[in-house]
Amino acid sequence: MYRNIIRPLLFLLQPETVHHLIVNFLKIGFRIPGIAYLVKKSLRVKDNRLKTMFLGIEFDNPVGFAAGFDKNAEVYNQFSNFGFSFIEIGTVTPKAQAGNPKPRSFRIPQDKGLINRMGFNNKGVDYAVNQLKNKRHKTIIGGNIGKNTATSNDDALTDYVICFEKLYDHVDYFVVNLSCPNIKDLRKLQDKDSTITILNKLTEIRRSKSPYIPILLKISPDLTNDQLDDVVETFNITGIDGIVATNTTVSRENLATNKKQIEEIADGGLSGQPLARRSTDIIKYITDKSDGTIPIIGVGGIMTVNNAIEKLNAGATLIQLYTGFIYEGPAFVKRINKALLKNKSN
């Protein structure tokens with residue numbers, strides 16, 4: 001029903017319009033008595049065999065919702081009813097910002113992909129904190145943090161510290177986002193020295209806090225093998241807890257979509273099916289290079305059940321959806337978890 005009826009209707013609208021419609025629908029619809037129960041009953045898969053330990057946290061299943069949708073921590077409880085065991089909010093920045101000019105989100109259905117250049121549009125860290133502290137969490141929450149666009153790279157550390165300090169008591173793990181292609185010059189912070197400086201400061205701050213909250217680094221799929229070797233070394237030097245692999249890509253190779261259309265869309269991070277193989281390859285590379293010692297959340301191009309299984313087999317412990325959820329619909333999480341159970345039975 002979703003792929004044949006609902007998705008074609010939603011795809012008549014601009015992606016960002018659909019995003020706002022869904023957020024508002026979730027806010028209003030789940031206030032109706034019984035709706036949350038019905039959705040949960042239909043879409044959640046409860047089975048102890050799916051329980052997954054990751055960084056000392058027990059997850060009901062290995063499937064989470066990636067950062068980028070619930071930017072302002074407004075609908076994480078609603079989304080937990082769709083079967084996700086964890087929701088990553090953000091990317092959150094110290095100050096509210098509008099993001100890049102519109103239009104800034106584009107579908108490329110021929111490739112089952114999305115190109116976005118949202119630019120960390122969000123209501124700021126204080127708003128997110130209020131959303132988190134005023135509600136009882138029904139799911140595990142990750143906090144994806146970044147810097148404001150107007151903040152220079154020289155001052156970026158301060159922005160990450162602000163978000164880290166303010167969110168610390170309200171999330172279950174952190175993701176440090178230095179790899180988004182949609183913030184001017186942000187990815188320059190991915191160079192080894194800059195990354196180590198930021199991560200060392202956050203782990204230093206954490207030593208004075210309780211409880212211990214894991215810190216992960218989100219990396220780009222466009223890194224070379226030498227840069228991935230630096231990621232492994234950075235993990236060992238800084239004492240962070242894991243890697244999220246991967247963010248969106250700036251590559252436009254091997255797309256079926258008309259080249260002219262891609263050129264008209266211009267800049268932005270590409271997600272969806274074109275990213276599937278590269279993301280999985282990076283997971284495997286890091287796993288092999290570290291002898292499996294680096295905990296990994298796999299994300300990027302999970303558009304089929306097989307894509308999900310491939311990432312777990314490559315070395316990821318958890319996986320995250322975003323574009324796949326948009327293309328495949330709410331039942332996608334259930335299909336993945338059912339497949340994982342089937343594999344465990346074989």
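All of the numbers you see were taken from the coordinates with simple rules; none came from a lab. Predicted model, so just to flag it, every value in this text is computed and none were measured. We place every Cβ from the backbone using ideal geometry, glycine too, and count neighbours over all the protein chains shown.
With a Cα cut-off of under 15 Å and a minimum spacing of 8 residues unless on different chains, the lysine pairs in region 184-234 number 4. Partner aspartates and glutamates whose Cα lies under 13 Å from the Cα of Lys259, excluding those fewer than 8 positions away in the same chain, are identified as Asp111. Under 23 Å of direct C-alpha separation, and excluding same-chain neighbours fewer than eight residues apart, Lys138 reaches these lysines: Lys27, Lys40, Lys41, Lys46, Lys51, Lys71, Lys123, Lys166, Lys334, Lys338.
Taking a ≥ b ≥ c as the square roots of the eigenvalues of the Cα gyration tensor, an a/c ratio of 1.5 or more together with a/b larger than b/c marks region 26-122 as prolate. Working ranking of peptides 294-302, 28-36, 150-158, 218-226 by packing, defined as the average number of other Cβ atoms within 10 Å per residue, highest first, is 294-302, 218-226, 150-158, 28-36.
Enumerate the aspartates and glutamates that Lys289 could reach by cross-link, defined here as Cα to Cα under 13 Å, with residues fewer than 8 away along the same chain left out. Excluding near neighbours in sequence, the set is Asp226, Asp229, Asp230, Glu233, Asp281. Taking the helices alone, the chain has a mean residue ellipticity at 222 nm of -11500 deg cm²/dmol, built from -39,500 (n - 2.57) per DSSP H run of at least 4 residues and averaged over all its residues. Backbone N atoms of region 252-291 closer than 20 Å to the 7 Å Cα→Cβ label point of Asp226 belong to residues 282, 285-286, 289-290.
Comparing Glu16, Glu233, Glu253 in a Gaussian network model of the chain where C-alpha atoms under 10 Å apart are linked, the largest mean-square fluctuation is found at Glu253. Remark on the chain: hydrodynamic radius 20.2 angstrom, per the Kirkwood mean of 1/r across alpha carbon pairs. Sorting 201-212, 124-135, 59-70 by average packing, meaning the other beta carbons within 10 Å per residue, from highest down gives 59-70, 124-135, 201-212. The P(r) of region 75-169 has a tail past 24 Å containing 33 percent of all C-alpha pairs. Of the residues Thr93, Thr293, Thr195, the one that moves most in a GNM of the chain with alpha-carbon contacts below 10 Å is Thr293. Highest GNM mean-square fluctuation among Thr197, Thr246, Thr234, for the chain modelled with Cα contacts below 10 Å: Thr197.
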